[in-house]
1. With respect to the numbered conditions (1) in contact with a helix residue (DSSP H, G or I) (Cβ under 6 Å, 6 or more places away or on another chain); (2) within 23 Å of LEU377 (Cβ to Cβ), which one is the sole condition not fulfilled by GLY249?
2. Could you figure out which of (1) farther than 30 Å from ALA313 by Cβ; (2) over 22 Å from the mean Cα position of the chain (by Cα); (3) surrounded by 16 or more Cβ atoms within 10 Å (Cβ to Cβ); (4) at pLDDT 80 or above isn't true of GLY105?
3. Looking at segment 328-343, I want the residues that are of a type outside the set (Asp, Glu) and have a partner that is at pLDDT below 70 and part of a helix (DSSP H, G or I) with Cβ atoms under 7 Å, at least 6 apart or on another chain. Which pairs are those?
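The values are calculated or read from the model by the stated rules, or taken from the named source; none is laboratory data. All figures in this text were calculated on a predicted structure; none of them were measured in a lab. FYI the Cβ positions are ideal-geometry reconstructions off the backbone, even for glycines, and counts take in every protein chain you see.
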Amino acid sequence: MLDSTAAKREFLLLIIPLLIVEFVRGAFIISYVPDLSVRNYGISIAVVGLAVSIHFISDAITNLVIGYVIKRIGTKRVIQYSFLISTIGLVLVCIWMNNFTVLLGSLLLGIGICPLWLVMLTKASGDKRGQNMSLVYLGWLGGLGAGTILMNYLLEFNKFPILWLLPSLMVVGWIIFNIVIRDEIDPHQTSLKLQWHATIELLKKSRPVIPGTLLQGISMGMLIPILPSFIIKQMGLSHTEYSLLLLLGGGIAVGFLVPMGKVADNANKIAMVVLGFGVSGTALYLLATSKSFGATLLYIILLGLFFAVVLPAWNAFIAGFIPESLKEASWGIFSALQGVGVMIGPTLGSLLALQNKAAGTIQISALIFVGIAIFYLGYYVFGKVKHRSVSH
């Protein structure tokens, strides 16, 4: 059993492979694959959309079952397989660029990245859950943003060999994980029937967090296919200015995650959730109506700041509904629920954009965030009233 100092050191070092795999996800799924439809690779926009959807579908389905798999065969073995699967998928795309390999690579990457996330979510548990989760999200946002921005920059050179960078990075992350990891998440055998009943019980007890989990996934997913087009085409900004906006918003979010995580460990988590979703939604709505670059900068700053407010508070809030005996599977279930939202979001966003244009879709996404804030404000207020009435 690791002592607390060794366990904390292990947790911090494991953020490095998480950052690497999220860098690969951002570079491949968010940047490289969408770019294929506008370059002469013979990949249609329909295949691009399907590849992105398949990635998130495979991620969500894997989230749903991987906690049980870890309990049966152990953390280390599952992670070995996951890195291998991801690397094979990327190598296939590098060697044979066609519709099938792009779809298969996206599928395998979705399956392969998921287990490491579940390990990190489990190891972040404890009295300082909010602070620990802020560090996890630091790795996520830092990797995802850096991968997206760097790949966008490298694509300007239109050199196919740059894609080989991604499987190479997966191997590096694989090596680092094997050096760092010391202990196993308890792999003891558990009856699948008992796990199923425990899962149903978990969903019953955690009903308050289910709407927020699904809706935030849908809202964020709606932005994936339309936000770049909106910024560049409708707002008239250049690719360089768009990259600067990403750096600004992402940098602020990353910079404030750790201090906001510390706040979440001591402050009212519901209040932070309401404030974070409410201000983020309002800033996103105003962004869709922005007429000047200065106003756009202000809204991006607000988005980055209050994204940092809501993330650690939301996960600390969820943690209160998770029993210690089912923590691995529970985080997988919640991640899968959010993944379902992310699956629905891109398709819904694309359909709405055809009817309302990109700005209208962004405003609808923003209203969903505001709706989440109102829902949990009501939950907080009426929950306190109910608690007082019971106590009397």
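1. (2)
2. Checking GLY105 against (1) farther than 30 Å from ALA313 by Cβ; (2) over 22 Å from the mean Cα position of the chain (by Cα); (3) surrounded by 16 or more Cβ atoms within 10 Å (Cβ to Cβ); (4) at pLDDT 80 or above, the one that fails is (2).
3. Sorted first by the residue in segment 328-343, then by its partner, the pairs are ALA329/GLN195; ALA329/THR199; ILE333/THR199.
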